[in-house]
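Rule-based calculations on the coordinates, nothing more; no lab input. Values in this document were obtained by computation on a predicted structure and should not be read as measured data. Glycine gets a Cβ as well: all are built from the backbone with ideal geometry, and neighbour counts include every protein chain shown.
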Amino acid sequence: MTTFGERLKQRRLELKITQARLAELLSVSRSAISNWEVGRNYPDLDILVSLSEILQMSIDQLLKEEPEMVEEMGKEQRLNRKRKIALRIIVPAFIAVLGLSLYLLYHNTETVNQTISPDQSTVLTVSQHASARWHTASWNGSSLIRPSLLKSSYVLTNDDGSQGDIEIRLVNLNGKTVQAPFILKAGKSHKVILTNRNQQFKLQFKARSGQYIINLQ
């Protein structure tokens, strides 16, 4: 009774195919071919199908009187079916969990930002004789703006109820301008990015006489 390895070798020699050439056709190593021929191990089902086509033999002919190999192939097929079923369940579940996690992370970050630095408003009153000077704005009694690990930018909004445009600049504690002045029209917003996380800043404004409402978010 011939074994699978012996039939493989015999048919390979009949077709004058070297181990190296067969390995190349199957995209495996030459040692894999050698191991199959001496009965050290067996090819998997996918390779067995390709092998039968190359050798022009049916799988039944290759596996004739090889109950051990047939059983191993059966186990491999059952395992592959289980893997495919598991992937159909796991992949959509993973995508759903990932999407939910990102959604919650986004909203939790927004909640944390609002807790650490909630939206604040201040009413700025400029008298006629002081309209040419820079004034320092303050929120809840503090004029300092400081970046944090979770918040490195702020949105300034000149409320619709303001009486006109405001010129705004950002200065450090020494009074040095760190961002060029810009004009913020009534009803408009401007994003201020704080690049130095280790420094505190003050917001200064200049405007014509009147009352202005600035929102800091």
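General remarks:
- Segment 169-217 and segment 1-62: distance between their alpha carbon centers, rounded to Å: 77 Å
- Candidate lysines for bridging to Lys202, where Cα separation is under 19 Å - those fewer than 8 sequence places away on the same chain excluded: Lys151, Lys176, Lys191
- Cross-link pairs beyond the 24 Å C-alpha cut-off, checked among Lys64/Lys84; Lys9/Lys84; Lys185/Lys206: Lys64/Lys84; Lys9/Lys84
- Per the Debye calculation on segment 122-189 with a single equal scatterer at every Cα and no solvent contribution, log₁₀ I(q)/I(0) for q = 0.13, 0.15, 0.27, 0.29 Å⁻¹ amounts to -0.42, -0.57, -1.60, -1.58.
- Approximate spin-label separation Ser31-Thr18, in nm, with each point projected 7 Å along Cα-to-Cβ: 1.9 nm
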